[in-house]
Amino acid sequence: MNATLASKPPTDFPADFVWGVATSAFQIEGAPAADGKGPSIWDSFCQRPGTIADNSSGDIACDHYRLWESDLDLIAGLGVDAYRFSVSWPRVRPGGAGAWNAKGLDFYERLVDGLLERGLKAYLTLNHWDLPDELQAQGGWAHRDTVHRFVEYARGMATHLGDRLSAITTHNEPWVMAVLGHETGLFAPGIKDRAVAMQAAHHLLLSHGLALQALRADGCRSELGIVLNLAPVQPATDSPEDLAQARLEDGRLLRWYMDPLLRGAYPQDVLDFLGADVPQVQPGDLQAIAAPMDYLGVNYYSRSVASAAGPWDVHRGGREITEMGWEVYPEGLTELLLRLHRDYALPPVYITENGGAFPDKLANGQVHDADRTRYLAQHIAAVADAMRQGVPMKGYMVWSLLDNFEWASGYAKRFGIVHVDYETQHRTLKDSALWYRAFLQGQRAARGVQKRLEAALPEL
Ligand code: FCB
């Protein structure tokens, strides 16, 4: 663990920098059919044999639908400023269209009020992947009508909760939903068709832009933005083949989303690569997608290395590898942020997810996850580095508050800074949570000094 960072933060984060922890509905809530909730594509996907590594599902997860109050106490106890969570669309509007479910809306209303009572800011994500099953039956994200259903959903939630939300994120990681959900089929809805995937990607982006326009027209005062999973894509060697491969992967992962959002156009090299698989884009779509954002959320876990010869062996990097098989590569976060700042006119940027799965051991009520603590400290330092070089950083959120349902990996991979015993639902703060709490105390102390200095200035 980086003792310097823990005891005396070397970082110069501004007083209004937002520190948080993040979760998502499907990964923690459980209660898949409680109080009128409809099924989501992840409920159905989990039932298909062979989709989830440990054959598990989100049926119980962290039982957060029942334990939300004590979980909010836990969050407040960490001393963070904000909690990033998502709403389960089929909990509040079970079929994705038609009647709203008052009991589902009440749950999120209590959650948000509970956050505010505890002095925490609410950062709400509308779509963290759990699309209502009924919308999938009609074609899901590949079907243009879903765009309009999403805008209705966004408006409904903003009307219900808008004045109490600090921020509303439209989508979490459209690349994952489009490519893993519709091209490789590893994630729900499990489709394997590149043309369908790219149409879904376009509709996700379009629904984001149209939702922003609609929420602004409705007078919503929350910060509005989107969350992307991004990484620097480095070529394995400097051969022309690897360089071309890296350029293509960068195009498909980063520029396919950043270019339309911030420049109003899809990248030509990716359109050329896609050929017949390019999505149908209607007049006005690209203007809608480029609606100004109040912030950009970036989820960062590792770099990506591109090799024309096939998948690159992650062990060749000589770095520590997490339980997910991802390299620990903190300098990649600085590199990524500087590149975004150089290539785009960025709005303020939050790191909306960052963290790691490590082989935790619970013994005597403790989890000594020095690996995770080191990971977090190094990545926070990487954010500070980018900020000092001019990137407009606004906040940082750890993924995740709790160990939870890690999608196709099931419960085997633990990302929490809080350990969850899935038999008893008992929560235990890992060493990383204790470190984060101490780090944030240090930040607050530094803010206090800063404020006292500012107050003293006129007398100097
Ligand atoms: C991201 C997801 C999040 C979590 C982390 C590990 O892609 O947004 O839900 O699964 O990865």
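The values are calculated or read from the model by the stated rules, or taken from the named source; none is laboratory data. Because the structure is predicted, anything quoted here is derived from the model rather than measured. Here the Cβ is made from the backbone with ideal geometry for all residues, glycine too, and neighbour counts use every protein chain on show. SASA here: full protein model, heavy atoms, side chains in, ligands and nucleic acids out. Shrake-Rupley method; radii C 1.70, N 1.55, O 1.52, S 1.80 Å.
How many nm is it between the label spots at I321 and A308, if each spot is 7 Å from the Cα in line with the beta carbon?
The two pseudo-label positions are separated by 2.6 nm.
Using alpha-carbon positions, what is the distance between the centroids of segment 13-31 and segment 59-85, in Å?
Computed from Cα coordinates, the inter-centre distance equals 9 Å.
Which residues among segment 60-95 fall inside the zone where the amide N is under 15 Å from a point 7 Å beyond the Cα of E117, along Cα→Cβ?
Label zone hits: 67-77.
Rounded to the nearest 500 deg cm²/dmol, what is the calculated helix-only ellipticity per residue at 222 nm for the chain, with -39500 (n - 2.57) per DSSP H run of length n ≥ 4?
-12500 deg cm²/dmol
Please give the Cα centre distance for segment 302-317 versus segment 215-231, rounded to the nearest Å.
Segment 302-317 and segment 215-231 have Cα centres spaced 33 Å from each other.
Indicate the gyration tensor shape class of segment 288-394 (rounded, prolate or oblate), computed on the Cα atoms with a ≥ b ≥ c the square roots of the eigenvalues: a/c under 1.5 is rounded; otherwise a/b larger than b/c is prolate and the rest oblate.
oblate
Under 18 Å between alpha carbons: how many lysine pairs meet that in the chain, if sequence neighbours fewer than 8 apart on the same chain are excluded?
6
Write out the GluC sites (Glu not before Pro) in segment 372-460 meeting two conditions: DSSP loop, and at most 14 other Cβ atoms within 10 Å of their Cβ.
E423
Leaving out ligands, DNA and RNA, what percent of the accessible area of the chain is carbon and sulfur, probe 1.4 Å?
52 percent
If I stretch the segment between A363 and N55 completely, what's the gain in nm (0.36 nm per residue apart, minus their alpha carbon distance), one decimal?
Stretched fully, the A363-N55 segment lengthens by 108.2 nm.
What is the extension gain from Q287 to T428, computed as 0.36 nm multiplied by their sequence separation minus the C-alpha to C-alpha distance, in nm to one decimal?
On the way: separation 141, 0.36 × 141 = 50.76 nm, distance 4.76 nm.
Difference between extended and current length: 46.0 nm.
Just to confirm a number: summing +1 for Lys and Arg and -1 for Asp and Glu over residues other than G30 whose beta-carbon lies under 10 angstrom from that of G30, what do you get?
Values: positive: R66; negative: E29, D59, D63.
Value of the local net charge: -2.
Where in the chain is the longest stretch that carries no trypsin sites (Lys or Arg not before Pro) classed as loop by DSSP and with at most 14 other Cβ atoms within 10 Å?
Longest site-free region, per DSSP loop and neighbour criteria: 222-360.
What's the longest bit of the chain with no exposed chymotrypsin sites (Phe, Trp or Tyr not before Pro), using DSSP loop states and at most 16 other Cβ atoms within 10 Å as the test? Numbers along the way, then the final one.
On the way: sites that count: W100, Y344, Y422.
The longest uninterrupted stretch comes out as 101-343.
Between D12 and A76, what FRET efficiency comes out of the Förster formula 1/(1 + (r/R0)^6) with R0 = 22 Å and r the beta carbon distance, rounded to 0.05?
0.25
Please list 3J(HN,Hα) in residue order for segment 40-47, calculated via the Karplus relation 6.51 cos²θ - 1.76 cosθ + 1.60 where θ = phi - 60°; whole Hz, with x for glycine and proline.
Residue by residue, segment 40-47 yields 10, 4, 6, 4, 5, 4, 4, 7 Hz.
In nm, what is the difference between 0.36 nm times the number of residues separating D238 and R48 and their Cα-Cα distance?
64.2 nm
If you take all C-alpha pairs in the chain, what percent of them are over 29 Å apart?
Counting pairs separated by more than 29 Å, the tail of P(r) holds 46 percent.
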